[in-house]
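Peer 1: Starting off with a structure, shown below.
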Amino acid sequence: MAQKAVLILNLGSPDSTEVYDVRRYLKEFLLDERVIDSSPLARNLLVRGIILPTRPQKTAAAYRKVWTDDGSPLIVTSKTVQQKVQEKVDVPIELAMRYGSPTIPEAIYRLNEQDVQDLFIMPMYPHYAMSSYETVLVRVHEEIKEQSPTMTWTVMQPFYKDDDYIHAMVENARPHITDDLEKVLFSFHGIPERHLRKADSSHAHCMSVPDCCNVSHPAQSTCYRHQCFETVRAFTKKIGLEMGQYSISFQSRLTREPWLRPYTDHVLEALPKQGVKRLAVICPAFVTDCLETLEEIEMEGRKEFLAAGGEYFTMIPCLNDHPAWISTLVNRIRDWAEN
């Protein structure tokens, strides 16, 4: 029987909060053609000429606000998840990041050292996007082809409305969704609107058909926005939130072109003016707390909401190493290994 193994994948983090390490990380991240998908010349001019000379200092300062004694929250928690899953399954569990360390080439090398021939790839992205789910699979495929062309592999598909993921989310969030809340805000990572059109192989549905996310179409298998809406629909149904009790927004926009709307920072400023004083924010696009949840939402988002007249703000943690999430991952690995 072929030796089996699992590769857990996430976005990544700088090695430290030093500007040099942050610049190196941002360079690798932003030069990815699936993150900034302009021409190579335009991408290089933007990243090398405009972003890298100034952005690393600001980003390093943001990382310092969330950095722990053990390092990056994303990396530390990802290693904890790896360890807890490994304790419950018999196959080796490797961990790699799309950008930064531990690297994908290092992980594939270690798998080769163990003579692994059958690999289960688990991207920690609930939703399909070319700048997250797609790019990490492309990179893994490149490395397997280079290092181990005979290795077979199976990929965990986007799990945005799967029962086990929704159950884990509800179990994790339930203690934070109390009766005195006035609104729950689902803040998803944003992407350029253009990415939706590009991911639509028909080039005739996403952002073209009125109410496109609610009109059934094959394009929805790669439509990030539709999948975000489906996550909210499944979550609110299971936990019992009514339509007026929640809103949806998109955070972390990077470039000046139109990104998915409404923007989270705008919503946080507007809600108190609409009478919402007590708010909980949940970030379902992330399964692990990171800069975008801990600094952008829990710290800066809180300031924006309270400064606009809000009175109570809580951020619901990501799944991290919640027992229900660990069970979800373990069960998926067991199902794959047995079949």
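Peer 1: If you add up the charges near ARG194, with Lys and Arg at +1 and Asp and Glu at -1, over every other residue whose beta carbon is less than 13 angstrom from its beta carbon, what do you get?
Peer 2: Working: positive: ARG34, ARG197, LYS198, ARG225, ARG253, ARG256; negative: ASP37, GLU193, ASP200, GLU257.
Around ARG194, the surrounding residues sum to +2.
Peer 1: Subtracting the Cα-Cα distance from 0.36 nm times the residue separation, let me have the gained length for LYS238 to GLU87 in nm, one decimal. All intermediate terms of the calculation are to be shown ahead of the outcome.
Peer 2: Working: separation 151, 0.36 × 151 = 54.36 nm, distance 2.99 nm.
Roughly 51.4 nm would be gained on extension.
Peer 1: Would you mind counting up the charge near GLY275? Only other residues with Cβ under 12 Å from its Cβ, with Lys and Arg at +1 and Asp and Glu at -1.
Peer 2: Working: positive: LYS183, LYS273, LYS277, ARG278; negative: GLU182, GLU311.
The answer is +2.
Peer 1: For region 178-257, which GluC sites (Glu not before Pro) are in a loop by DSSP, counting at most 12 other Cβ atoms within 10 Å?
Peer 2: For GluC sites (Glu not before Pro) across region 178-257 that sit outside H, G, I, E and B with at most 12 neighbouring Cβ atoms in 10 Å, the list reads GLU242.
Peer 1: With a cut-off of 8 Å between alpha carbons and a minimum separation of six or more residues, what is the relative contact order of the chain in percent? Provide the component values of the computation, followed by the final result.
Peer 2: Working: 532 pairs, mean separation 71.5, N = 339.
Taking the mean separation of contacting Cα pairs over the length of the chain, I get 21 percent.
Peer 1: If I take every Cα pair under 8 Å that is 6 or more residues apart in region 163-315, average their sequence separation and divide by the length, what percent do I get for the relative contact order? Walk me through the numbers on the way to the answer.
Peer 2: Details: 202 pairs, mean separation 48.3, N = 153.
Relative CO of region 163-315 lands at 32 percent.
Peer 1: Also: From the cross-link list LYS273/LYS303; LYS161/LYS238; LYS237/LYS273; LYS161/LYS183; LYS27/LYS58; LYS65/LYS303, which pairs have alpha carbons spaced over 18 Å apart?
Peer 2: Long pairs (Cα-Cα over 18 Å): LYS237/LYS273; LYS161/LYS183.
Peer 1: Can you tell me the FRET efficiency between ILE50 and ASP164 if r is taken as the Cβ-Cβ distance and R0 is 35 Å, rounded to the nearest 0.05?
Peer 2: Values: r = 43 Å, r/R0 = 1.22.
After rounding, the FRET efficiency stands at 0.25.
Peer 1: Continuing with this model, one more query. Would you mind counting up the charge near GLU134? Only other residues with Cβ under 14 Å from its Cβ, with Lys and Arg at +1 and Asp and Glu at -1. Write out the running numbers ahead of the final one.
Peer 2: Working: positive: ARG34, ARG98, ARG139, LYS198; negative: ASP32, GLU33, ASP37, GLU142, ASP200.
Here the charged neighbours net out to -1.
Peer 1: At VAL330 and LEU41, where each label point lies 7 Å from the Cα along Cα→Cβ, what is the point-to-point distance in nanometres?
Peer 2: 5.6
Peer 1: Quick one: HIS217, HIS189, HIS141, fewest Cβ neighbours within 10 Å first, how do they rank?
Peer 2: Values: HIS217 16, HIS189 26, HIS141 13.
Ascending Cβ contact count within 10 Å gives the list HIS141, HIS217, HIS189.
Peer 1: Can you give me the distance in nm between label points at VAL138 and GLU193, each placed 7 Å from the Cα along the Cα-to-Cβ direction?
Peer 2: Computed distance between label sites VAL138 and GLU193 equals 2.3 nm.
Peer 1: Of the listed values [x] 62, 44, 38; [y] 72, 51, 42; [z] 61, 49, 47, identify the label whose number matches Cα extents along the principal axes in Å calculated from this model.
Peer 2: Computed from the coordinates, Cα extents along the principal axes in Å corresponds to [z].
Peer 1: Mind sorting ASP118, ASP200 by how few other Cβ atoms lie within 10 Å of their own Cβ, fewest first? Walk me through the numbers on the way to the answer.
Peer 2: Details: ASP118 16, ASP200 20.
Ascending Cβ contact count within 10 Å gives the list ASP118, ASP200.
Peer 1: Which stretch or stretches of region 307-328 have amide N atoms under 14 Å from the point lying 7 Å from THR178's Cα along the Cα→Cβ direction?
Peer 2: 311-316
Peer 1: Taking the alpha-carbon distance from LYS84 and a cut-off under 15 Å, which aspartates and glutamates remain once sequence neighbours fewer than 8 residues away in the same chain are dropped?
Peer 2: GLU94, ASP321
Peer 1: With both partners inside region 163-315, how many of the DSSP beta bridges are antiparallel, as a percent to the nearest 5? Numbers along the way, then the final one.
Peer 2: Values: 1 of 16 bridges.
Within region 163-315, antiparallel bridges account for around 5 percent of the total.
Peer 1: I would also like to ask the following. Assign one of three labels to region 1-148, namely rounded, prolate or oblate, based on the Cα gyration tensor with a ≥ b ≥ c the square roots of its eigenvalues; rounded applies when a/c is under 1.5, prolate when it is not and a/b is larger than b/c, and oblate otherwise.
Peer 2: On the way: a/c = 2.42, a/b = 1.47, b/c = 1.64.
Here region 1-148 falls in the oblate category.
Peer 1: Another question, then. Nearest-5 percent of antiparallel DSSP beta bridges in the chain? Write down the numbers at each step before the final one.
Peer 2: Details: 2 of 36 bridges.
Taking every DSSP beta bridge within the chain, about 5 percent pair in antiparallel fashion.
Peer 1: Mind giving me the nanometre distance, one decimal, between the label points for THR255 and ASP115, set 7 Å out from Cα along Cα→Cβ?
Peer 2: Placing both labels 7 Å along Cα→Cβ, they lie 4.8 nm apart.
Peer 1: So, R0 is 22 Å and r is the distance between the beta-carbons of ALA61 and GLU269; what FRET efficiency does that work out to, to 0.05?
Peer 2: Efficiency, from the Cβ-Cβ distance: 0.45.
Peer 1: Highest first, please rank the peptides 269-276, 38-45 by the mean number of other Cβ atoms sitting within 10 Å of their residues.
Peer 2: On the way: 269-276: 15.4, 38-45: 12.0.
The packing order, highest mean first, is 269-276, 38-45.
Peer 1: If packing is taken as the average count of other Cβ atoms within 10 Å, what order do 55-62, 174-181 fall into, highest mean first?
Peer 2: Peptide ranking by packing, descending: 55-62, 174-181.
Peer 1: If you place +1 on the Cβ of every Lys and Arg and -1 on the Cβ of every Asp and Glu, how big does the dipole about the Cα centre of the chain come out, in debye to the nearest 20?
Peer 2: On the way: 38 positive and 46 negative charges, 190 e Å.
So the magnitude is around 920 debye.
Peer 1: If R₀ is 51 angstrom, what is the calculated FRET efficiency for the pair ASP15 and ASP211, using the beta carbon separation as r and rounding to 0.05? Please list the in-between numbers first.
Peer 2: Details: r = 45 Å, r/R0 = 0.88.
Between ASP15 and ASP211 the formula returns 0.70.
Any read-out appearing in this document is the output of simple, stated calculations on the displayed coordinates, not a laboratory observation. Every value quoted in this text rests on a predicted model; they were computed, and no experiment measured them. All Cβ positions, even for glycine, are placed from backbone atoms using ideal geometry, and neighbour counts span all protein chains on display.
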